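Down below is the structure, laid out as structure tokens.
Each value in this text was obtained by applying a stated rule to the coordinates, not by laboratory testing. Everything numeric in this text was worked out from a predicted model, so none of it was measured. All Cβ positions, even for glycine, are placed from backbone atoms using ideal geometry, and neighbour counts span all protein chains on display.
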Amino acid sequence: MSVEARATRAPFAYHHELLLLIVLVLVVGFLAVGTDKFLTVDNMLNQGRLMTEVALVALPMTFIIITGGIDLSVGSIMGLAAIMLGVAWKNFGLPLELAIVFSVAVGAVAGFFNGLLIIRVRVPPLIMTLATLALYRGLAEGISQARSVRGYPEWFFVLGQGEVFGVPTQLWILLVAIIIFWIVLAKTTFGRSLYAIGYNEEAARFSGIPVDRIKLIIYSLSGTMAGLAGYIFVSRVSTTRSDMGTGLELDAIAAVVLGGTSIFGGVGTIAGTVIGFTLIQLLKNGLALSGVKGDATIVVIGTVLILSILVSNFLQRRRGAGG
Amino acid sequence: MKRLAIIIATTTALTGAALAADPWDGGDDLPTNPLACDDTPGTVAAKDYDGGQTTGAADKSGKEITLIDIPKLVGVGYFAATTEGMRQAAEELGNVKVTTDGPTEANIDDQITFIDNYVTQGVDGVLFAANDPVAIAPVLKKALGKGIHVVGYDANSDPDAREWFVNQAEFNGIAKSLIDQMAAEIGDEGKFAIVTSTFTTPNQARWIAEMQAYQESCHPKMEWLETVEAQEDNILSFNQANTLINKYGDDLDGIFGMTSVATPAAAEAVTQAGACGETAVVGLATPNAMRPYVESGCVKSVVLWSPVDLGYAAVYVMRAVVDGDLSPGDTEVEAGRLGKLQVVNGSEILLGSPFVFDKSNVNDFDF
Amino acid sequence: MATAAFSTSAGYRDLRRMVLGQEMVLFIAIVLLFVVVGLINPRFVAERNISSIFLGNAYIAVAAIGMSMVIISGNIDISVGSLIGVLATIAGTLALNGVPIIICWLAPLVIGIAITSGMGAIVAYLHIPSIVVTLGMLSILKGGLISVTGGAWLTNLPPEFFLSQTRLFGIPTPIYFMVGLTIAAAFWMRLSATGRAIYAVGGNVEAARLSGIDPAATVVKAFAIHGFFVGIAAVLFATQLSVIQSTVPPNLELTIITASVVGGVSILGGTGTVIGSTLAAVLIAAIASSMIFVNISPFWMRAVQGILILVTVLADLWRRQRQRMGT
């Protein structure tokens, strides 16, 4: 089943990524001609720093969407993890190192809870994560009592604001994460199972794939990455707030679907997602540097999102019903 | 079905019981400094300059400069008004170009990205209204480090992350105006509630803390019922105000609106409940949004500084910094039609006292 | 989730039975909430407060009707909050320019239908997933609105513009809209050919096609009708206060989608009813209001809201599982 799924779907993914890559190159070229501030090493590295949180969340989101699921609670998990980092350090008196581990673990538990109810009670992922979107944000607000935790020691900021070998620290983490996610999806049985589940869940179950266990893993993974993104964000901005990560879920989903992952499951690649979030970030940045204002920029991004999928679909002339 | 009923009932009861305690006002933890109950001006302790400094800024004294203004968010009336003030100042000065750009939601991450982009683009100065005083600091320091002048207005950052901050009115001054206004309308033993934006919005939390301190010392018999959150959403503000009216009935003598969205919505709720004259509405708001309620007499008066003047002053201050007319240690700065503005609190420039508009002058303003 | 494909008659009976149960769960939850909170604070169940809860959220319930149809057809509309903001601003701007009031009220409907039909056509005929189209449209509408208006307040609107502030027999007009439209939509969904086609397409496209339904046309119709409800919701929204803030209401799309899915509309399409979504909108609004009445710390409100939504969803799933075992 899984082999068949990949065989029929692979050409689509290939074409879409190629198309996106061409769009990306064109956009970069066009923007670079428009302003000499855009295509510089400094600016590119800096953009990498700014997009790391969304990118880290978009990677596991790709896995989840490939299985036909979705996770809307990632922004709230990021906020909850950020708050727990501060609270664990200031109020529980944990050493900061442990508080960091604790906050990422909170993210993992939050994701695990999503996964558990999705597989055990069979709550549809959209409903489950819509409910926990409210719940986790609510917990962040309740626990923080609207107070921010500040005053971290210098070493804490190395991850969010520092550099290693001239490259923003968090970009190294992102790079490692991209490689791992890419290998897992493209080269392992686990990755193939994700496609099989998304293509036809019942068939996947019958062919012996541990569907429930895999789902539990990917939702936990999504929570963990959101927790990690929370830690990186706190390190970048030096403070915690319960409203951190608001709207993150839509940014991540936009990157994933722009990257060619089908919202119906069964189709998608990490390369597509990587091009997706890079394209969005560089468009935002390049347009701003060319003097386009923010409100016009989001109009452009909305249009690019629709058009790129439109053109991609047109090129491969897929037949199918609406929806 | 029975099990279901039990689940829901116990959840409701448990959460209700567990969380019912802990009455809460909405202020922050910072020390308060309430003004005297009469009109004695507050004593301001002299403080050394505590702002930051640019490194390697080009001398553009008298030359044309390009400024970028990043408010908390774009697409709301209040910041449209500050933008208008900036435009006026730029037009008067003739050698300033200022553009406003920013996030469509009051989001700290987006605001940082916007500033970062303009620092890369290379402007002569950044004007900002911070969504979070600490989170915005690193990117502002980066701007200072690249020789870009940084002046805040409306919502401050950590002092060392910017050179100057144009303060629309001291927190304790706003608090005194609001509480005195409310006391005048509902009496010294009146009961009131508050509709604010979110508990994490720094300005609102600061005002509420100062209001509480001032009320306790100057109007000790007034009763503080509760504070509710309503984002920056006018129907939600309307619903929350309605809920307060329904909950307290005749016990509710007044509602404070802490934002330019909450105040008109609270006035609307009072109007539609037919409670004009029984429940007073006092708050911060812009004249355009309040006009129907002030004209109908449902709202007696509204407290505000002029956001147009605030934006106007911010551009003048920036020009003075670039021209070398405002340096650490100075005590005042020339700001066009506003005359000389005082430097307070180390590195803040005070726009003036908040003013109160009512039926007689609400039509003199358009913002 | 078992995507049971409802092939006409037998499935239709199943659907009705299941749906009645779903609505019952929400109805009981609402009654329980009013009883429990009413015991703690009798003012909660005063006629005035109940009226406030309905009035302040009628536009959400109306928008959720359209959203439910879109979801039942197997799609989703994330742009709905931005669309309501845009349509409300259009209505207000027309009224300020002296356009006859009836046109100010009808224009949002017409424009709403045009925009959502356009999105539906892209989804149905160009085969782009609705989440992509509407996510893109969200950005376009929001950015466009801010570019054009800058968020200025619209005031000095003519008094006869304020539809939502009128009352009929002492009951606020929006409540009639909410109840009337819900009932009409429920009948229409069950009895009309298009309504049944929407269920069929959402349940199983191939089966629908085999039984002679044109899936693409049906999806466009579902979106068009959604636009009609969004237009009405926008008018109710725009006329509720004496001033209009020409901006996009924060998180409105999430509130509306939540009402639909808590109301029992399966996101996989094919099942659910508009009565459920309206009851869910009322329940969510009543939960928010009740928490102020029982003095829950405002910091914990959203957490409690999340828990209650989750409990409602779980209770419904538990009921359905038990039903499946029983039959």
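At a threshold of 8 angstrom on Cα-Cα distance, excluding pairs fewer than six apart, so keeping six or more, what relative contact order does chain A reach in percent?
Working: 524 pairs, mean separation 110.5, N = 323.
In percent, rounded to a whole number, it is 34.
Can you list the cysteines of chain B that have no other Cys Cβ under 4.7 Å away?
none
From the Cα gyration tensor of segment B:44-143, with a ≥ b ≥ c the square roots of its eigenvalues, which class applies: rounded if a/c is under 1.5, or else prolate if a/b is larger than b/c, or else oblate? List each step's numbers first, then the result.
Values: a/c = 1.31, a/b = 1.05, b/c = 1.24.
Taking the square roots of the gyration eigenvalues as a ≥ b ≥ c, segment B:44-143 is rounded.
Which ordering of C:LYS142, B:LYS191 is given by a fewest-first count of other beta-carbon atoms within 10 Å?
Details: C:LYS142 25, B:LYS191 15.
Going from sparsest to densest Cβ surroundings: B:LYS191, C:LYS142.
Contact order normalised by length for chain B, with contacts defined as Cα pairs under 8 Å and 6 or more residues apart; what percent is it?
Working: 751 pairs, mean separation 77.5, N = 367.
Averaging sequence separation for qualifying contacts and normalising by length gives 21 percent for chain B.
Measure nothing but the geometry: give the 0 to 90° angle between the long axis through the Cα atoms of B:2-20 and the longest principal axis through the Cα atoms of chain B, rounded to 10°.
Around 60 degrees separate the two axes.
What distance in nm separates the simple spin-label points at C:LEU191 and B:PHE355, each placed 7 Å from Cα in the Cβ direction?
Roughly 6.3 nm, to one decimal.
What list do you get for B:SER353, C:SER52, C:SER79 if you sort them by fewest beta carbons within 10 Å?
Details: B:SER353 14, C:SER52 24, C:SER79 27.
Final ranking by Cβ density, sparse to dense: B:SER353, C:SER52, C:SER79.
Quote the FRET efficiency, to the nearest 0.05, computed for A:THR188 versus A:LEU98 with a Förster distance R0 of 22 Å and r equal to the Cβ-Cβ distance. Spell out each step's value before the answer.
Working: r = 32 Å, r/R0 = 1.45.
Between A:THR188 and A:LEU98 the formula returns 0.10.
Just to be sure I understand the curve: with the Debye formula and one point per C-alpha of the protein assembly as shown, what is log10 I(q)/I(0) at q = 0.05, 0.06, 0.10 Å⁻¹?
-0.29, -0.42, -1.27
Would you work out the Kirkwood radius for chain C? I mean one over the mean of 1/r across all pairs of different Cα atoms, in Å.
Numbers: mean 1/r = 0.0492 Å⁻¹.
It works out to 20.3 Å.
Sort B:MET318, A:MET78, C:MET119 by Cβ crowding within 10 Å, fewest neighbours at the top. Let's see the in-between values first.
On the way: B:MET318 30, A:MET78 35, C:MET119 27.
Starting with the residue having the fewest Cβ neighbours, the order is C:MET119, B:MET318, A:MET78.
Once R0 is set to 56 Å, what does the formula 1/(1 + (r/R0)^6) return for the Cβ-Cβ distance between C:PHE27 and B:GLU334, expressed as a FRET efficiency to the nearest 0.05? Kindly include the intermediate steps, with their values, before the conclusion.
Numbers: r = 68 Å, r/R0 = 1.21.
It comes to 0.25.
Can you tell me which of B:GLY283, B:GLY329, B:GLY102 moves the most in a GNM of chain B? Springs connect C-alpha atoms under 10 Å apart.
Among B:GLY283, B:GLY329, B:GLY102, the largest GNM mean-square fluctuation belongs to B:GLY329.
Compute the signed sum of charges (Lys and Arg +1, Asp and Glu -1) over the other residues within less than 14 Å, Cβ to Cβ, of A:ILE253. Intermediate results must be reported in sequence, preceding the final value.
Numbers: positive: none; negative: A:ASP71, A:GLU249, A:ASP251, C:GLU253.
So the surrounding residues net to -4.
Over all directions, how big on average is the projection of the convex hull of the alpha-carbon atoms in segment C:177-327, in square nanometres?
Values: hull surface 47.7 nm².
Reported value for the Cα convex hull: 11.9 nm².
Counting DSSP beta bridges in chain B, what percent are antiparallel, to the nearest 5? Each step should come with its number before you reach the end.
On the way: 10 of 43 bridges.
Rounded to the nearest five, the antiparallel share is 25 percent.
Which lysines have a Cα lying under 20 Å from the Cα of A:LYS293, excluding residues fewer than 8 positions away in the same chain?
A:LYS37, A:LYS284, B:LYS72, B:LYS97, C:LYS142
For the residue pair B:SER327 and C:ALA46, what label-to-label distance in nm results when each label sits 7 Å from Cα along the Cα-to-beta-carbon direction?
6.5
Among the lysines, which have Cα under 23 Å from the Cα of B:LYS191 when same-chain residues fewer than 8 positions away are ignored?
Those lysines meeting the cut-off are B:LYS176, B:LYS221, B:LYS247, B:LYS300.
Under a 10 Å cutoff between Cα atoms, tell me which one of C:VAL274, C:VAL37, C:VAL205 has the largest fluctuation in the Gaussian network model of chain C.
In this elastic network of chain C, the residue with the biggest mean-square fluctuation among C:VAL274, C:VAL37, C:VAL205 is C:VAL37.
Enter the Cα centre distance for the pair segment A:112-179 and segment C:130-193, rounded to the nearest angstrom.
Cα centroid to Cα centroid, the span is 35 Å.
Could you tell me what a quarter of the Cα convex hull surface of chain A works out to, in nm² with one decimal place? Mind showing how you got there, number by number?
Working: hull surface 68.3 nm².
Taking the Cα atoms of chain A, their convex hull projects to 17.1 nm² on average.
So how many Å³ per residue does the convex hull of the Cα atoms of segment B:223-291 work out to?
Details: hull volume 5.4 nm³, N = 69.
Once divided by residue count, the hull of segment B:223-291 is 79 Å³.
Report the calculated FRET efficiency for B:ASP250 and A:LEU175 (r = Cβ-Cβ distance, R0 = 56 Å), to the nearest 0.05. Present the calculation step by step, with values, prior to reporting the outcome.
Details: r = 65 Å, r/R0 = 1.15.
For B:ASP250 and A:LEU175, the calculated efficiency is 0.30.
Roughly what would the spin-label model give for C:GLU206 and B:ASP364, points 7 Å off Cα along C-beta, in nm?
Using points 7 Å along Cα→Cβ, the separation is 7.6 nm.
Of the candidates C:GLY136, C:GLY263, C:GLY112, which one comes out as most mobile in a Gaussian network treatment of chain C with C-alpha springs shorter than 10 Å?
Judging by the Gaussian network model, the answer is C:GLY136.
State, as an integer percentage, the relative contact order of chain C based on alpha-carbon contacts under 8 Å between residues 6 or more apart.
35
Based on the alpha-carbon gyration tensor of segment B:171-304 and its eigenvalue square roots a ≥ b ≥ c, which shape applies: rounded if a/c is under 1.5, prolate if not and a/b is larger than b/c, or oblate?
rounded
Kindly provide the Kirkwood hydrodynamic radius of segment B:93-171 in Å, to one decimal, from all pairs of distinct alpha carbon atoms. Could the numbers behind the result be given before it?
Details: mean 1/r = 0.0783 Å⁻¹.
Taking every pair of different Cα atoms in segment B:93-171, averaging 1/r and inverting gives 12.8 Å.
Reported to two decimal places, what Rg/Rh ratio describes chain B when computed on Cα atoms with Rh from the Kirkwood expression?
1.01
Over segment C:35-143, what lengths in whole Å, largest first, do the semi-axes of the equivalent ellipsoid take, defined as the square roots of 5 times the eigenvalues of the alpha-carbon gyration tensor?
Values: eigenvalues 205, 97, 25 Å².
Calculated on Cα positions only, the semi-axes equal 32, 22, 11 Å.
Count the net charge of all other residues whose Cβ sits under 12 Å from the Cβ of B:LYS340, scoring Lys and Arg as +1 and Asp and Glu as -1. Provide the component values of the computation, followed by the final result.
Numbers: positive: B:ARG337; negative: B:ASP325, B:ASP330, B:GLU332, B:GLU334.
Taking every other residue near B:LYS340 into account, the sum is -3.
For the Cα atoms of chain B, what angle does the longest principal axis make with the long axis of helix B:307-323, in degrees from 0 to 90, nearest 10?
Between the helix axis and the principal axis of chain B, the angle is about 30 degrees.
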